[in-house]
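The values are calculated or read from the model by the stated rules, or taken from the named source; none is laboratory data. Predicted model only: the values in this text are computed from it and were never measured. Neighbour counts run over all protein chains shown; Cβ positions are idealised from the backbone, glycine included. Side chains are part of the model used for accessible areas, which takes the heavy atoms of the whole protein and leaves out ligands, DNA and RNA. Shrake-Rupley method; radii C 1.70, N 1.55, O 1.52, S 1.80 Å.
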Amino acid sequence: MKVTFHEKVKPSDLPKDAIANTYISFMSISDVNACAKELLLEISDTSWINALSPVAKMSYESTAKETIHKLVEIFKSVDNQVTKDFGEFMISMGSGHYLKDKHNHVVLPLSELWKEKISNNHGFDFHTLSPSLKFSFGEAKYVSTGNSYTTAAEQVHRFSKEGKDKRDAVHLLHFADPIAITNLNQDRKGYILAFSINSNDYEKILKNALNNVDVKSLTKRCDELYIIGVKA
């Protein structure tokens with residue numbers, strides 16, 4: 001995974017009443033098979049479970065191991081072609097790498113590993129923790145043609161309005177300092193829109209994403225907003 005472009009958006013390019021520090025970035029993946037192998041090793045690492053409290057470990061161990069088995073099969077089936085299932089995990093985990101490397105975030109285990117999926121829209125796909133102890137809530141969307149920022153933006157905006165970020169607090173408290181939970185309760189948080197790009201003109205697409213009505217609204221609903229395009 002290679003980060004080709006990233007920059008902080010100037011306030012003059014945001015709505016006048018925006019409060020979020022907003023960043024746009026673009027990553028490219030040239031070797032899908034190598035990416036799948038790297039992510040397979042990462043998803044198979046269960047050391048995070050052993051770091052949990054005994055009660056949390058007891059609660060999450062079964063769900064995590066069952067999900068890891070399913071994800072390993074998805075990742076092993078990749079044959080130099082991105083499928084929808086793999087694509088969304090690739091974008092989630094790739095965005096986590098970007099936020100860790102460029103913004104010093106701590107990447108939390110994928111929500112699929114600790115939250116049982118009871119419907120297609122169970123909530124945010126992935127989470128990170130910033131150096132200022134604010135959670136960022138991420139949604140990943142993959143399509144094989146076109147660009148998927150509209151769907152990602154609509155979903156993050158809707159989840160924000162439905163309070164699905166705060167619903168995750170009962171789980172997130174096991175992975176972070178209590179100050180981060182206090183910050184979340186006081187609406188100090190970030191959102192991440194991560195989506196596939198099927199064009200070389202990524203700067204134009206990222207700028208178009210900034211003009212999306214849901215993205216404009218999100219700049220007023222959080223402290224940090226990350227807009228990440230991924231091309232494979």
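Across the stretch 202-225, which residue is surrounded by the most Cβ atoms within 10 Å (Cβ to Cβ) among those that are part of a loop (DSSP other than H, G, I, E, B) and touching a Phe, Trp or Tyr at 6+ places or on another chain (Cβ under 7 Å)? Walk me through how you get there before you give the answer.
The first filter runs over the stretch 202-225 and keeps only residues part of a loop (DSSP other than H, G, I, E, B), leaving 211-212, 219-223.
Right, trim to touching a Phe, Trp or Tyr at 6+ places or on another chain (Cβ under 7 Å) and you get 212, 222.
Numbers: N212: 18, C222: 24.
Going through the qualifying residues, I end up with C222.
Need pairs with beta-carbon distance below 6 Å; first residue in contact (Cβ under 8 Å) with a residue 12 or more places away in the chain and within the stretch 206-232, second acidic (D, E) and in a helix (DSSP H, G or I); sequence gap 6+ or separate chains. Cβ pairs passing all conditions: D214/E154. Being without any contact (Cβ under 8 Å) to a residue 24 or more places away in the chain, surrounded by fewer than 16 Cβ atoms within 10 Å (Cβ to Cβ) and over 20 Å from L172 (Cα atoms) is a description that does not apply to S47. Selection of the stretch 177-201 for residues being outside any loop (DSSP other than H, G, I, E, B), open to solvent by less than 70 Å² (accessible area, probe 1.4 Å) and aliphatic (A, V, I, L, M) yields A180, I181, L184, I192, L193, A194.
Residue count for the stretch 50-59 satisfying the condition of being out of contact with any His (no Cβ under 6 Å at 6 or more places or on another chain) and either in a loop (DSSP other than H, G, I, E, B) or open to solvent by 90 Å² or more (accessible area, probe 1.4 Å) (or both): 6. Give just the number: which of (1) surrounded by 18 or more Cβ atoms within 10 Å (Cβ to Cβ); (2) under 19 Å from M90 (Cβ atoms) does I24 not satisfy? (2) is the only condition that I24 fails.
When S62 is tested against (1) among the small types (G, A, S); (2) open to solvent by 10 Å² or more (accessible area, probe 1.4 Å); (3) touching a residue at least 24 places away in the same chain (Cβ under 8 Å); (4) in a helix (DSSP H, G or I), only condition (3) is not met.
The sole residue among S53, S95 that is over 16 Å from D125 (Cα atoms) and either aliphatic (A, V, I, L, M) or at pLDDT 90 or above (or both) is S53.
Of all residues in the stretch 27-44 being among the aliphatic types (A, V, I, L, M) and surrounded by fewer than 13 Cβ atoms within 10 Å (Cβ to Cβ), which is nearest to L113 (Cα to Cα)? Show your work before the answer.
The first filter runs over the stretch 27-44 and keeps only residues among the aliphatic types (A, V, I, L, M), leaving 27, 29, 32, 34, 36, 39-41, 43.
Okay, now just the ones that are also surrounded by fewer than 13 Cβ atoms within 10 Å (Cβ to Cβ), so 34, 41.
Numbers: A34: 22, L41: 15 Å.
So the residue we want is L41.
Only residues that are hydrophobic (A, V, I, L, M, F, W, C) and assigned to a strand (DSSP E or B) were counted across the stretch 1-27, and they come to 5.
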